[in-house]
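Enquirer: Before we start, here is the structure in question, set down as structure tokens.
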Amino acid sequence: MSDDDKPIIHRGDARSSPYPTSRLAPAFHAPELAEEVARAENMLNARTSAKLRVIADQIKMLQAEARKVLTDARDEQALTRAQCAFKRIPGKIYHLYRKPDGSTYFSMLSPQDWNGKPPDAFAGSYRLEADYAWTPFEQLHERDDTGELVQQLLQIGGLSGDSEQSG
């Protein structure tokens, strides 16, 4: 058989050959290659599914947080719109009452100041914050560790000025 009659063979370096060029090279069988590709695809699907599951969980948490933010905003809006016959001063505690018609108003007098018999139904006490947000009286003594957490995260990331001084 002449060279012209031979099928096209690889004429380059043996290392770049798409098929074994030596009898010592490992044999490749189509079923083994198909199984290897299937295993790789299964692993890829598993990794992708796991990542998408994490993202889906994060989306659910963000949706829940968005619902909470909107609910809190509606509650704050209702407090802000309550009738008030005096100037509101940040840092002061005001007492909310509900009239029989459902309208609300703030008073400086607590139910105890009315000797336990306020003129309308007591709806809660709130402190007006500097940013004009309302904090329920029950939550005034709760410890807010958000600032401490932010500082810890900044120190871990090396962005806090404290880490330079302590290092």
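Enquirer: Determine, yes or no, whether Thr21 is of a type in the set (S, T, N, Q), surrounded by 10 or more Cβ atoms within 10 Å (Cβ to Cβ) and at pLDDT below 95.
Expert: yes
Enquirer: Right, here's the next one. Is there any pair linking a residue in the stretch 112-127 that is without any contact (Cβ under 8 Å) to a residue 24 or more places away in the chain to one that is surrounded by fewer than 16 Cβ atoms within 10 Å (Cβ to Cβ), with Cβ under 7 Å and at least six apart or on different chains, and which?
Expert: Final answer for the pair search is Pro118/Pro111; Asp120/Arg98; Asp120/Lys99.
Okay, residues lined up against (1) part of a loop (DSSP other than H, G, I, E, B); (2) small (Gly, Ala, Ser); (3) at pLDDT below 95; (4) out of contact with any strand residue (DSSP E or B) (no Cβ under 8 Å at 6 or more places or on another chain):
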| site | (1), (2), (3), (4) |
| --- | --- |
| Pro90 | yes, no, yes, no |
| Tyr97 | no, no, no, no |
| Thr135 | no, no, yes, no |
| His141 | yes, no, yes, yes |
| Leu153 | no, no, yes, yes |
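Enquirer: Just checking, how many residues over the stretch 83-125 are over 21 Å from Thr135 (Cα atoms) and surrounded by 15 or more Cβ atoms within 10 Å (Cβ to Cβ)?
Expert: 3
Enquirer: Have a look at Thr80, Thr71, Thr48 and point out the one that is within 33 Å of the chain's Cα centre (by Cα), at negative phi, in contact (Cβ under 8 Å) with a residue 40 or more places away in the chain and surrounded by 10 or more Cβ atoms within 10 Å (Cβ to Cβ). Walk me through it before giving the result.
Expert: Working: Thr71 fails: in contact (Cβ under 8 Å) with a residue 40 or more places away in the chain; Thr48 fails: in contact (Cβ under 8 Å) with a residue 40 or more places away in the chain.
So the residue among Thr80, Thr71, Thr48 that is within 33 Å of the chain's Cα centre (by Cα), at negative phi, in contact (Cβ under 8 Å) with a residue 40 or more places away in the chain and surrounded by 10 or more Cβ atoms within 10 Å (Cβ to Cβ) is Thr80.
The values are calculated or read from the model by the stated rules, or taken from the named source; none is laboratory data. The shown structure was predicted, so the numbers you read here are calculated from the model rather than taken from an experiment. Note: ideal-geometry Cβ built from the backbone for every residue, glycine included; neighbour counts use all protein chains shown.
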